[in-house]
Each structure stands twice: as C-alpha cells, then as structure tokens.
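Beneath this line is the structure, given in structure tokens, with notes to follow.
The values are calculated or read from the model by the stated rules, or taken from the named source; none is laboratory data. The model shown is predicted, which means the values in this text are computed figures rather than measured ones. Here the Cβ positions follow ideal geometry from the backbone for every residue, glycine too, while neighbour counts run over all protein chains shown. Note: accessible area is taken over every heavy atom of the protein model, side chains too, but ligands, DNA and RNA are not part of it. Shrake-Rupley method; radii C 1.70, N 1.55, O 1.52, S 1.80 Å.
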Amino acid sequence: MPDKDDYQPLDRYRQLAEKSPDFISRHSPVNLIFIDVNPAVEKILGYRSDEIIGRSANELFHPDDVGSWKNGTSNVTYSEGVYTSTYRLRHKNGDYIWLETTSRTIRDPETGKLEEIICVSRDVSERVQADHNLTRLARVVEATSDLVLFCNANFQINYLNESAIRTLNIDKARFPTLHLDELLAKPNYSQFQRDILPLVLKTGDWRGELPLEPESIEQRKAIVQQIIAHRDDEGQLSYFSIIGRDITEQRKAEAEAMQYQLEMAHISRLMSLGEMASGLAHEINQPLGAILNYSQGSLRRIEDGSIADLSAVTQVLQRISRQAHRAADIIRRLRSFVKKTEYQRMEFSINGVCEEIAQFMEQEARNAGIQFQFRLDASEPTLLADKVQIEQVVLNLIRNSIEAYSNDDKADKWISITTQQTAQDLQVSISDRASGISQSQMNNLFEPFFTSKESGLGMGLSISRTIIEAHGGRLQAESDGRSGSTFTIILPRQGNGL
Amino acid sequence: MNPPSSALSVFIVDDDDAFRDSLSWLLESTPFTILTFASGEAFLQHYNGEPGCLLLDIRMPGISGLALQQELIRRNINIPTLILTGHGDIPVAVSAMKNGALNFIEKPFDDQVLLEHIDKAMVHARLWHQQQNQQSQLTERWNSLSKREKQVMQLVVSGHANKLVAETLDISPKTVEVHRARVMAKMDAASLADLVNQAHRIDALKAILAEQTV
C-alpha cells in the first residue's frame, strides 16, 4: 500500500495508468484475483473495472493456457525479475484475446512474502494471428505434396520441404551444401541456364516442365513446374522458389491408360477378325482349292499317262506355288493384323493405310457386292501416330459401312474412302450410301455396347473414338438418316496427343 | 439318242481366276468339254441350252450364284447345278438347294468327290437332254399334223371311238380312219396307248386335254 508521502508521484503514476492504452492490473497471489485495474481493461476485455475487480484471472484463462504460468512453458520467459508471457484471456463477449503480459511480483521487503502481482498487458491478437498464419503457411509448404525448394541467388538450395526430400531421396544432412545443378541432368541444367533463367529473371515467374533427376532419385519421376524469383524492397534478387511435382503416379496412370487402350485395340481387332471369319475362310479356301485342283489334275494325267514331257508339269507347279504364296500372304496379313503390338509412334502414309485396309476388306466387300472408291489426297500426306491403332479405326469404319449395306438391295453399292490434308489437320472420311443413321441412334452412336447390328458387340465406334481422341483428334459421324452416312477422322497434322 | 460324253459340257462359273483355271485343269482329264466363265452374266450370255452341268460359285460380285439359279429357272433352263463355295454357309446352301441345286460342295474339295458329283449330274443332264429331245421331236411331229389330223388325234386320245369322232367332226367314219392312220404314222406311234402317252407329253395338246377333263 502506498504511503502518504508518496502521494504526489503516486497520483501521477495513477494518472499515467489511467491513460495508458496498456491494461494494467494488480492481483493477489492467491488465485490471481483482480485487486485493481486501469480503464483500458474495458477496451481490451470488455469488462468495466467494477465488473472484474474481485474475480480470479484463472476464470478467464483459455483452458490450453491455464498451466503455462505455473509450469513455465515455452511462452513464458523470465528475465531480471520480470515474466513475459503470451496467452489468451476470455473477452466479456466470449472471444479469447491474445495478451502479452509482463508481470512482476511484489514481496514484503522484510519477510520476502509474496504480496501481490502487477501485470501490464497488451492486446497482441493481430501479431499472434500473423505468427499463426506464418506458421500455417510454413506447415502447408512443409506438408504439401508438391515439391518446394528455396535457393539463394547462387542456386544453393537452403530449404526442401518434406515431399522434395522424400521424392528426390535427399539426405537431410546434405542440403546446406546442395546445389541446384545436382538435381538436374546436365543438358537440363544447361537448358535452365540458357533458356529458363533469363525468363525467370525477366518476368519473375516461369512455368513449364523441367525434369528433376538427382542421382539419389529412385524409381520416381519428378519435374519442376514453376520457378519464382523473389526480390527485396530495393529490387535486389534475394532468393528463388522452385515448385515441382512428383509425377510418378501420373506417368504410371498414363502408361496404364495407354496399355489399356492397346488392349482394347487388340480385342477390337480380334473381334473384327471373328466377324470377318467367314469372309476369310472363303478367301483362304480359294488358293487352297486351286492348289488341290492343280495337283489332283496333274496326278490324274500322270496316272493315265497323258503327261509326256516335264514342261506341262512345270507350268502347273508354278501355278501351284503362286497359289501357295497367295494363301501364305493372306495368313501373313492376318497374323500381322492380330499381332499384339506395343504402342509405336511412327510416320506413315495415310493413303497407304486406307489402301491396305481396303485390300484387307476386299473379299468381304466383293461378297456383299460393294465397290470401293478412293479419293486420296495426291500430296501423299503422312501422319505421326500409332499406325496399328489408326488402321484399326479405318477398318472399323469400313466394316460398319459394309454392314450398313447388309439389308440393302441397291444395285449400286459403293463405299468411298477420302483423305484430305488441310492447313491444320488431316481428315479421313468413309462414306456409304446405305440407309443412314437415325437421329436417336446418332445420340448413342459412340456409347460402349451400343449396336444396331444383330451380332455386334457395340465396342467398335467407342474404341475408335477413344483411339482418335488419344491421338489428339476427333471422330465425327454425319447422316441424313435416310441415304447414307459419313464418318470422318480428324487428326492434328503434327500428331499431338500421346 | 444319248449324246456322247464329249458332247456334254461342264460349265464353270467362278470369279476367282486361279480357281477357275485350276478346276478346268482338273476336269480336262474327264471326257467332258470344259467351259469357264468369270461371272453369272458371262454365262447367261453364252449359254444356249447345251447339255451339261453347271459348277457354280455362290459368292460372286454382280449376279450372285443364287441370283443366277433364279434367272435360269425363270428362263426355264433345267441345267443340273452343283454349288461350290469356300464357305459352309448353311442358309446359302439351303437356298441353293431350294433353287434346285443337285448338291453342295465345299472348297477345297477332293477331286474324287467332285467327279462323282459331276457324273451324277451328267446322268441328270442326259436324262434332261433326252426329255428335251423327245419333247422337241414330239412337238415337231405334232406340228407336222394337218389341222384336221390334230382334231382327230385330240378326240381319239380322249377315248372317242371312230364313229363318235366322225359325228363330232361331221365327217364320214371312213375319212376318220384315214386321218387316224396318218396320225399314227406321222406320230410314229406303235399303238393307241403309245399315242395317248405321247399326247400327254405335248405341251400344246396337254392344255387342251386338261380343259376337256374339267
């Protein structure tokens, strides 16, 4: 308690305290009962002085902070008789306010008995909030699945987040001395210095794809997607952020999708083959029948002695071998058609593909009384794509056209095969003059298992569209619903996509 | 009356050049004349009712085998036909048999089987040719009869006695006898039964007789 002699200065102190924006309070040592508070309490905690005096500060502590005073946890520091702590008190409206409080204990000078505690507190909610945001931000950077690296202006790496360490398989002890060139393959580092760095410095932000290939990486694939240059207030380059991504799963999924697509194309070919079986049997039996006839005719002549000299036999043997070759060619075409192939991107003539497939389907078309009509682009356009898959699509479309005529007794049946190169793309159209596709059929045309055929599985067009889209193209159908339809494959000239 | 084997032809209709050529080579060892055609149209253009049998590929561009059969039926050409195909397609086989094909042979075939089928077909061909000949002979004889003789024959084969014939035609029975003797001679009939038999095979007369029965 102040003495009367000290009244003057005390009064000034009191005035000072009354005006202070800081919240000043006196507490009894037992239960931290508020003995006295300055008016700032109302601004900070919402209580008038008379509402709070006599209450225990313990009631207002955030439950998580209750122990911190007693236990001396991390947010309480002690220096030269003054404790500083950061903690939360409950505002009258129920919200918790972050306070930074310096407190000093007042002891009886003789007995050393703790008499009271004086606290000066200020609202540090904003600062705490900002600290929290920073902490959260740091946590996000640490926890994100993207790879985050910071490096200085000399590309010395000084931070890698958890993902980067894991994906790049970096020994944590290494990274004070880790340099960016250790994370990139030589040609890529050269490319970075030559092409990318100038862009980063110029625009402050580069986005693209640059493979990360440190020696330590094991069975994972990662790329840099973004590099940001950070500058200080004077515009001096201070550091770079490098953001990358582990694309192992993505690549795996892509590879799986491609594999799946190959399987589908293969199945589709087998299905096509099944549907063509009767035509193929006929086609193979022709040369076999001819061989049999030639040889049996020769045997008969030899038996009845009507062959005198070898020249007659020679001629027939030549014909026999020609027919055997013909049969072998059919088998060879068949085998290469059903062969399971890896994805193979190559440059090939689209006209050539159209002609080969038409030849393959020739017998089937002839049996149905259909003729092919070619209108092929004379500039002999080439395509960079998977030839086997493109062949499959052309084959599916030609088969569909042949089958479109199956209930058609027109005398003049033709299928026209057109190729045309434009500035942007390459188009292949297969047209027929059969009865067309109705509007309702058109809506479901490309759905799997949709079919208008008695024996069709309904996968042909669905697979065809998948294949063409995987090549960055489109497959379109047009029909007036009465007198024919046209299917057009449109592929970008540079063979984008897979 | 039977044509010799060399007068019988095997007509091969197949669009496959090699197959046609080989079949012709095989059959050249037979006594028959071998004629090949690359399409149904070519065969129809050429064929003039010569005796023989037809080896017909069922799957061809243009006129299919089945369509050719129907065209032959329409033209009243009864040539024994063997269907050849590289493909044992049952519905097509059934249709071909319904169209009157003798048999169905799948390519490639054993020469022995084919030759047996051709021999059987040639039996039909001979029979058909024989009937054809008889028919034309009969028609020729019938056409050689005078109008009166035709009337007399018609009544006689319907079972009328000379007297009734005379009354019907309002001529004397004696005259009827003269006509009747001439009819027997011109028709080369050994007996009345023979004449009746012949009458039923003459198309022109068949219709008239059928009308009278009704």
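Consider the stretch B:9-27 and keep the residues that are among the charged types (D, E, K, R) and open to solvent by 10 Å² or more (accessible area, probe 1.4 Å). The one that is farthest from A:Leu292 (Cα to Cα) is B:Asp15. Contact map, the stretch B:90-105: first residue open to solvent by 50 Å² or more (accessible area, probe 1.4 Å), second residue of a type in the set (Phe, Trp, Tyr), Cβ cut-off under 8 Å, separation 6 or more or different chains; pairs are B:Met97/B:Phe104.
Determine whether the stretch A:381-404 contains at least one residue that is more than 14 Å from every other protein chain (Cβ to nearest Cβ) and loosely packed, with under 13 Cβ neighbours inside 10 Å. Show your work before the answer.
First, the residues of the stretch A:381-404 that are more than 14 Å from every other protein chain (Cβ to nearest Cβ): A:381-401, A:403-404.
This time we only want the ones that are loosely packed, with under 13 Cβ neighbours inside 10 Å, so: none.
The answer is no, given that none of the residues of the stretch A:381-404 is more than 14 Å from every other protein chain (Cβ to nearest Cβ) and loosely packed, with under 13 Cβ neighbours inside 10 Å.
The residue pairs whose first member lies in the stretch B:166-193 and is over 13 Å from B:Val156 (Cα atoms) and in contact (Cβ under 8 Å) with a residue 40 or more places away in the chain, whose second member is part of a helix (DSSP H, G or I) and of a type in the set (Gly, Ala, Ser), and whose beta carbons are closer than 7 Å, counting only pairs six or more residues apart or on different chains, are B:Lys186/B:Ser144. Among the numbered conditions (1) part of a helix (DSSP H, G or I); (2) among the polar types (S, T, N, Q); (3) open to solvent by less than 70 Å² (accessible area, probe 1.4 Å), the only one that A:Gln193 does not meet is (3).
Residue check: is A:Ala378 exposed (fewer than 13 other Cβ atoms within 10 Å of the Cβ), more than 14 Å from every other protein chain (Cβ to nearest Cβ) and not in a helix (DSSP H, G or I)? It is true that A:Ala378 is exposed (fewer than 13 other Cβ atoms within 10 Å of the Cβ), more than 14 Å from every other protein chain (Cβ to nearest Cβ) and not in a helix (DSSP H, G or I). Confirm whether B:Leu72 is modelled with pLDDT of 85 or more and surrounded by fewer than 20 Cβ atoms within 10 Å (Cβ to Cβ). When the stated conditions are applied, B:Leu72 does not pass them. Of all residue pairs spaced 6 or more apart or on separate chains, those with beta-carbon atoms under 8 Å, a first member in the stretch A:14-26 that is farther than 7 Å from A:Asn38 by Cα and a second member that is acidic (Asp, Glu) and open to solvent by less than 80 Å² (accessible area, probe 1.4 Å) are A:Arg26/A:Asp36; A:Arg26/A:Glu116. In the stretch B:48-62 there is at least one residue matching the filter, namely being open to solvent by less than 20 Å² (accessible area, probe 1.4 Å) and of a type in the set (D, E, K, R).
With the stretch B:29-148 as the region, which helices (runs of 4 or more DSSP H) entirely inside it contain at least 3 residues that are under 30 Å from A:Ala411 (Cα atoms) and away from every other protein chain (no Cβ under 13 Å)?
On the way: elements: B:40-46, B:65-74, B:90-98, B:111-144.
It comes to B:40-46, B:65-74, B:90-98.
Residue count for the stretch A:145-161, restricted to those that are within 26 Å of the chain's Cα centre (by Cα) and polar (S, T, N, Q): 2.
The residues listed here are A:Arg332, A:Arg326; of these, the one that is part of a helix (DSSP H, G or I), open to solvent by 40 Å² or more (accessible area, probe 1.4 Å) and away from every other protein chain (no Cβ under 12 Å) is A:Arg332. Take the stretch A:299-319 and flag every residue that is more than 8 Å from chain B (Cβ to nearest Cβ) and either surrounded by 21 or more Cβ atoms within 10 Å (Cβ to Cβ) or of a type in the set (D, E, K, R) (or both). Across the stretch A:299-319, the qualifying residues are A:Glu303, A:Asp309.
The requirement of being of a type in the set (Val, Ile, Thr), surrounded by 13 or more Cβ atoms within 10 Å (Cβ to Cβ) and in contact with a Gly (Cβ under 6 Å, 6 or more places away or on another chain) is fulfilled nowhere in the stretch A:249-267; no residue meets it. Among the residues making up the stretch B:1-27, those that are closer than 16 Å to B:Lys120 by Cα, more than 14 Å from every other protein chain (Cβ to nearest Cβ) and in contact (Cβ under 8 Å) with a residue 60 or more places away in the chain are B:Asn2, B:Pro3, B:Ser5, B:Leu8, B:Phe11.
Taken over the stretch A:266-297, the criterion of being of a type in the set (Gly, Ala, Ser), within 8 Å of chain B (Cβ to nearest Cβ) and within 17 Å of B:Gln112 (Cβ to Cβ) is satisfied by A:Gly289, A:Gly297. Can you tell me which residues in the stretch A:166-221 are touching a Leu at 6+ places or on another chain (Cβ under 6 Å), within 16 Å of A:Ser241 (Cα to Cα) and in contact (Cβ under 8 Å) with a residue 24 or more places away in the chain? Correct list: A:Leu183, A:Leu212. Within the stretch A:69-94, can you find the residues that are modelled with pLDDT of 85 or more and part of a strand (DSSP E or B)? Within the stretch A:69-94, A:Thr84, A:Ser85, A:Thr86, A:Tyr87, A:Arg88, A:Leu89, A:Arg90 meet the criteria.
Out of B:Thr85, B:Thr30, B:Thr36, report the one residue that is touching a residue at least 40 places away in the same chain (Cβ under 8 Å) and more than 19 Å from the chain's Cα centre (by Cα).
Values: B:Thr85 fails: touching a residue at least 40 places away in the same chain (Cβ under 8 Å); B:Thr36 fails: touching a residue at least 40 places away in the same chain (Cβ under 8 Å).
Just a single option satisfies the conditions, and that option is B:Thr30.
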